[in-house]
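The values are calculated or read from the model by the stated rules, or taken from the named source; none is laboratory data. None of these values were measured; they are calculated from a predicted model. Because the Cβ atoms are built from the backbone with ideal geometry, glycine has one as well, and the counts that use them run over all protein chains shown.
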Amino acid sequence: MMIVNIYEAKAKLSEFLDLAARGERVLICKRNRPIAELRAVESVRTEPRPIGLARGHVTVPDSFFQPLPDDMLDAFDGVERRAGLLQVADASASTTYGARSARMMSKPGKPRRTRTS
């Protein structure tokens, strides 16, 4: 393991990256206290993952393939059922971003200043 300070790590970063790629670990210190470790990342899998390794360990019940109940399907669509009546959630009321930006765009007057990076 190699121990270096921040100044040296900044000055010789590419050299330390080459060392890390070869398996060496580089410990970066600030005021003689370790703050980071530079090491190689594990290699990425090159061949596809084998299929069927969990065969026999996982069972899917037949109910999994049955249609979902209406109340659960309605919950995904933002619909509530109360006393037999359907109520659809108002999308514009729940999103303040759209309402706010529409309100700001409709204001006459001098243009708003925006931040520049």
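Assorted remarks:
- Matching option when the condition is free of Cβ contacts under 8 Å to residues at least 60 places away in the same chain and outside any loop (DSSP other than H, G, I, E, B), among Glu15, Glu24, Glu47: Glu15
- Total residues in region 27-44 satisfying the condition of being of a type outside the set (Lys, Arg) and either touching a Leu at 6+ places or on another chain (Cβ under 8 Å) or in a strand (DSSP E or B) (or both): the figure is 8.
- Within region 22-41, if we keep just the residues that are over 10 Å from Met2 (Cα atoms) and more than 27 Å from the chain's Cα centre (by Cα), the residue that is surrounded by the most Cβ atoms within 10 Å (Cβ to Cβ) turns out to be Cys29.
- Glu80 without any contact (Cβ under 8 Å) to a residue 12 or more places away in the chain and more than 29 Å from the chain's Cα centre (by Cα): yes
- In region 95-104, the count of residues that are surrounded by fewer than 10 Cβ atoms within 10 Å (Cβ to Cβ) and either part of a loop (DSSP other than H, G, I, E, B) or modelled with pLDDT of 85 or more (or both) is zero.
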